[in-house]
Amino acid sequence: MSNNVQADKSIHVNKVIINDQFWKRYADIVKTEMIPYQWEVLNDRADITIEKERNDQNIPSEKSHAIENFKIAAGLKEGRHYGWVFQDSDVYKWLEAVAYSIEQEHDPQLIELADGVIDLLALAQEKDGYLNTYFTIEAPERRFKRLAESHELYCAGHYMEAAVAYYNATKNEKALTIACKLADCIDASFGNEAGKIKGYDGHEEIELALAKLYELTKEKRYLNLCQFFLYERGQDTSFFVRQWQEEAGENAVIGGMNHLPLSYYQAHKPILEQESAEGHAVRLVYLCAGMADAAFLSKDEEMLQACKKLWKSITAKRMYITGGIGSTVHGEAFTSDYDLPNDTMYCETCASIGLIFFAQNMLKNEADSTYSDTLERALYNGVISGMALDGKHFFYVNPLESNPENSLKDPGKSHVKPTRPAWFGCACCPPNLARLLASIHKYLYSQKGDCLYANLYIANKAEIDWNGKQIEITQESNYPWEGEAKFQFQLEEPAEFGFCLRIPAWSKTYKVTVNGIEISDSLMNGYMVIRRTWETGDEICVTLDMSIQEWSANPHVKADLNKIAIQRGPIVYCMEEADNGKCLHLFRLPKNKQYHYRYDSELFGGAGLIDVTAEKRVVEQEWESQLYSQGMAELYEAASLTLIPYYAWANRSVGEMQVWLAKE
Ligand code: FUB
Ligand code: ZN
């Protein structure tokens, strides 16, 4: 990355406060609805029906029991562990969401509640630092003996992430001490040294968490351990099998996982040799997020190249237009290049969130809008579609096409829910959404040398440190509905640095002015690099192309051949039965269609809608009595369609939905 970086000057983003119309609504929902609601659920006090994420009788869905598990492990209550072996992570993600929310708006009551959770975790933590309610309660002798299934390091990683966030927000030492003790316990148990386990968790997460813990504490052992887990993965392909054999006769911690291929765990080959995104999608992107951060922290060029290969495999061949990933329910996994079915896919909310983590950590390595463009695509589409507008109902799976009757009657589509449930037996997604939405302020800017990168257009006030001097940048915008954004500078003293504006790839034209004068500074990897000596009162305005755009998929994507998707700005649109009636598949867009965009301030809390002239296939009477016919004329009648933002679907009534539209 050249960009005229001046090595002796540095820029650092201290604080970003969101005041954006679109995102402040989400921040408020997180604070007033999600956090209190999820707390009730985790304590089994919410009057809700917990749904199984797919038809599978083994999914535990009577209750969450997550807080109760900690009380039992802490010796405060008697009882058995209930729920998935990784149930602890629901609490950790909730705690992380609390931390980010407090960072935006101080809340003593919430801090008191969260401090209480930390006290409970301290009690549940074993003397040597081990922390996991399932193994402490049910099987202490099986600690680290079944890593393919156990999620012990996955849960530990989620706690470390929460602790780092909570410490940053509150300076709560106890939270951090628990994390360090836990990391020390893991460090004492894993590694290349004799007597240690030369292996890794079946579900990546510890890697990215250790990188964060290292960044905060500067304890080199944590970075070394992170690198150990990354580099050990896939080296000894018999590791999981050996552990299973050594425990022969014991019950599985999660049944059936020993039948999965090693690629499900990204353990089929060493990470530097992995050319394509394989296996369980969340696992893969969490792995990649860890790799990208480790590459950045240890200046590991080989690791960075491996990240790039996987990034390309995902975004050029295996990602939905919504930023969803995972083409099949079987193993919640990637399949093969261009295999992107719209109605059986997985597109787990957590997977799109993980893709955002990956993109964010790649941006630390190099400022390239391929990362921020994809981050934005996932964020505005496949991530926020995971939550209903009330903040209390969630999609685990985010289809691009839904037919409620098919979902009900086809066991192969039981995972494709037509409405968002209140909670899931496997509740990974709802608290993951809570922490992501609460942390939007972390994604707006990134820095490299003395360049500040504006990655997302979201109204905010940012406090920046430039060589010890304070800079305040105010961004105003009504994105994603309008394409203008204005940045205003306030500086302690004039400062020379590069201010780099992302010009999204979808914006075919754009205009940038500095203090009212249009500029045409060059684009570097999708960013307009504006290097000036900035002074108080300087103002940058950017205008992006908000025209309605038709997107096609690569012709190898069979599911989307001869179809188009409609996008305006970062928002992907869909048609829904609520506006257009049943049989959405009968519509097509003619060549001479006309689009009309309108902003509806009421619907979905305010959203841009698109009306388009269309045609609808006439289904003649004759078809009522026959399934096939020869030579029946194909007649279309004029129709019109209303398209809504994809993220907002399934917020009104149960009905059909479709992203990709047939064209004439
Ligand atoms: O295994 C833990 C989490 O549960 C995964 O990340 C999700 O895909 C779900 O399977
Ligand atoms: Zn999930």
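For the chain, what is one quarter of the convex hull surface built on the Cα atoms, given in nm²?
Approximately 30.6 nm², given one-decimal rounding.
Can you check how the C-alpha radius of gyration of segment 65-246 compares to 2.2 N^0.38 Å, as a plain ratio?
That works out to 1.01 for segment 65-246.
What is the mean projected area of the alpha carbon convex hull for segment 1-131, to one decimal in square nanometres?
13.9
With the radius of gyration and the Kirkwood radius both derived from the Cα set of segment 446-544, what is their ratio Rg to Rh?
That ratio is 0.93, to two decimals.
So how do 98-105, 232-239 stack up, highest first, on mean other-Cβ count within 10 Å?
Per-residue mean Cβ counts within 10 Å order the peptides as 98-105, 232-239.
Over segment 548-663, what is the mean sequence separation of C-alpha contacts under 8 Å (at least six apart), divided by residue count, expressed as relative contact order in percent?
Once divided by the residue count of segment 548-663, the mean separation gives 36 percent.
Take every Cα pair under 8 Å in the chain that's 6+ residues apart, average their separations, divide by the length, and report that relative contact order as a whole percent.
Across the chain, relative contact order equals 14 percent.
Show me the ranking of peptides 265-276, 209-220, 404-415 by mean Cβ neighbours inside 10 Å, starting with the highest.
Ranking, from highest mean packing down: 209-220, 265-276, 404-415.
If you roll a 1.4 Å probe over the chain with all protein chains in place, what percent of the accessible area is carbon or sulfur?
About 47 percent, which is the carbon plus sulfur part of the accessible surface.
All other residues with a Cβ under 10 Å from the Cβ of Glu348 taken together, and with Lys, Arg as +1 and Asp, Glu as -1, what is their net charge?
Every neighbour counted, the sum reads -2.
How much net charge surrounds Gln38 when only the other residues with a Cβ under 10 Å from the Cβ of Gln38 are counted, with Lys and Arg +1 and Asp and Glu -1?
-1
Could you list, in their original order, any pairs among Lys309/Lys508; Lys364/Lys392; Lys93/Lys364; Lys317/Lys486 whose Cα atoms are separated by more than 30 Å?
Lys364/Lys392; Lys317/Lys486
List the lysines whose alpha-carbon lies under 18 Å from that of Lys198, not counting same-chain residues fewer than 8 positions away?
In chain and number order, the partners are Lys145, Lys269.
May I ask you to order 367-380, 182-195, 517-530 by the average number of other C-beta atoms within 10 Å around their residues, highest value first?
Ranking the peptides 367-380, 182-195, 517-530 by packing returns 367-380, 182-195, 517-530.
What aspartates and glutamates does Lys63 reach when the alpha-carbon gap must be under 20 Å and sequence neighbours fewer than 8 apart in one chain are set aside?
Leaving aside aspartates and glutamates fewer than 8 places away in the same chain, those within reach of Lys63 are Glu33, Glu40, Asp44, Asp47, Glu51, Glu53, Glu78, Asp88, Asp90, Glu138.
Quick check: Cα centre of segment 574-629 to Cα centre of segment 435-495, how many Å?
Cα centroid of segment 574-629 versus Cα centroid of segment 435-495: 40 Å apart.
Measuring with a 1.4 Å probe in the full set of protein chains, what accessible area per residue, in whole Å², belongs to the chain?
The answer is 38 Å² per residue.
Quickly estimate the mean residue ellipticity at 222 nm for the chain, helices only: each DSSP H run with n ≥ 4 gives -39500 (n - 2.57), and the total goes over all residues, rounded to 500.
The helix-only estimate for the chain comes to -10000 deg cm²/dmol at 222 nm.
Defining a contact as two alpha carbons under 8 Å apart and six or more residues distant in sequence, what relative contact order in percent does segment 264-441 show?
20
If the reach is capped at under 19 angstrom between alpha carbons, list the aspartates and glutamates near Lys591, excluding any in the same chain fewer than eight residues apart.
Partners within reach: Glu550, Asp560, Asp611, Glu615, Glu634, Glu637, Glu664.
List, in order, the whole-Hz ³J(HN,Hα) value for each residue of segment 371-380 obtained from phi through the Karplus relation with A = 6.51, B = -1.76, C = 1.60 and θ = phi - 60°; use x for Gly and Pro.
Karplus values, whole Hz, x for Gly and Pro: 6, 6, 5, 5, 4, 5, 4, 5, 4, 7.
What is the log10 of I(q)/I(0) for segment 264-441, computed with the Debye formula using one identical point scatterer on each Cα and no solvent, at q = 0.12 Å⁻¹?
Each listed q maps to, in turn, -0.52.
Find the centroid of the Cα atoms in segment 57-103 and in segment 270-285, then give the distance between the two in whole Å.
Between the Cα centre of segment 57-103 and that of segment 270-285, the gap is 28 Å.
The values are calculated or read from the model by the stated rules, or taken from the named source; none is laboratory data. Because the structure is a prediction, the values reported are computed rather than measured. Note: ideal-geometry Cβ built from the backbone for every residue, glycine included; neighbour counts use all protein chains shown. Just so you know, the surface numbers come from the protein's heavy atoms only, side chains and all, with ligands and any DNA or RNA stripped out. Shrake-Rupley method; radii C 1.70, N 1.55, O 1.52, S 1.80 Å.
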